[in-house]
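What follows is a single structure, written as structure tokens, with notes after it.
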Amino acid sequence: MDRRETAALLAYIGRLDPRTIRTDKGEAADQIAQWHELLGDVPLSTPHGWDARAAALQHIRTSPYPIVPADIGRPWESYRRDRIGRHTDPTPAADPDDQAAWQAELVRARHAVATGAAEPASHRQLTSGRPDPRLEARLKAIGSCIPPAVRAELAPYRTIRAAREAAIAEGRPDALSVRCDWCLAQVGEPCRRRRVGLDGGARGYTPRASPHPSRLGLAAARHYGQQPAMA
């Protein structure tokens, strides 16, 4: 704020708290000079939510102590930090090969956000808005975001998942849709094989390429709406 705005702010504060009023002309000039020196880089107000008078009003209303420049400066710094913390730099329009222009545009954008001249920019979430109609049509056509040809190429590297997808596609029971009573593998997890050490104790578990027969039976019973047989 300039000296006129600083004087206007002090006049506003004086109406709310007479303790800040300086009746001597020299003292009043010194007070304006002091506040302007400390708050020269703080705007009186911005288009997006900052008003030094509101900060002064809040202090006078909630604190029994006379207001000082720091009671305006602290809320201003908090305002700046909050806005920068919510800002995501948009891609500059400058040529990326021109590093100086690229950085200058970023600095201008951040300065505008920090000083309240512009609103913070944030990336849209992936789930916000309506998907592209072309993407919806493609997903409906292929049934998955992974094309069948790519899925076939990945099958040798994820055999358990490939077997599960093949069973579902053919209408067969999905063994991983139920918990295994034999190895206690949870739903969605492959069955496990126990590794035994030289002393006969268990040393760990490794995934099985195929589910245990009891798990297959339980999945089949659920798939066909039957009661599982009791062991």
If you place +1 on the Cβ of every Lys and Arg and -1 on the Cβ of every Asp and Glu, how big does the dipole about the Cα centre of the stretch 36-103 come out, in debye to the nearest 20?
560
In nm, what is the difference between 0.36 nm times the number of residues separating L57 and R203 and their Cα-Cα distance?
45.6 nm
Enter the per residue convex hull volume of the chain, computed from alpha-carbon coordinates, in Å³ rounded to the nearest integer.
359
Under 10 Å, Cα contacts only: if you run a Gaussian network model on the chain, which one of R151, R215, R203 comes out with the highest mean-square fluctuation?
R203
Pop the C-beta distance of A70 and E119 into the FRET formula with R0 = 41 Å and round what comes out to the nearest 0.05.
0.90
Taking the Cα-to-Cβ direction at L38 and at E77 and moving 7 Å from each Cα, how far apart do the two end points lie in nm?
1.3
Contour minus Cα-Cα span, I146 to D181, at 0.36 nm per residue, comes to 9.3 nm
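Every number in this text was worked out from the coordinates using simple rules, so none of it is lab data. From a predicted model like this one, the values you see are computed outputs, not experimental measurements. A quick note on method: Cβ atoms are made from the backbone with ideal geometry, for glycine too, and the neighbour counts reach across all protein chains shown.
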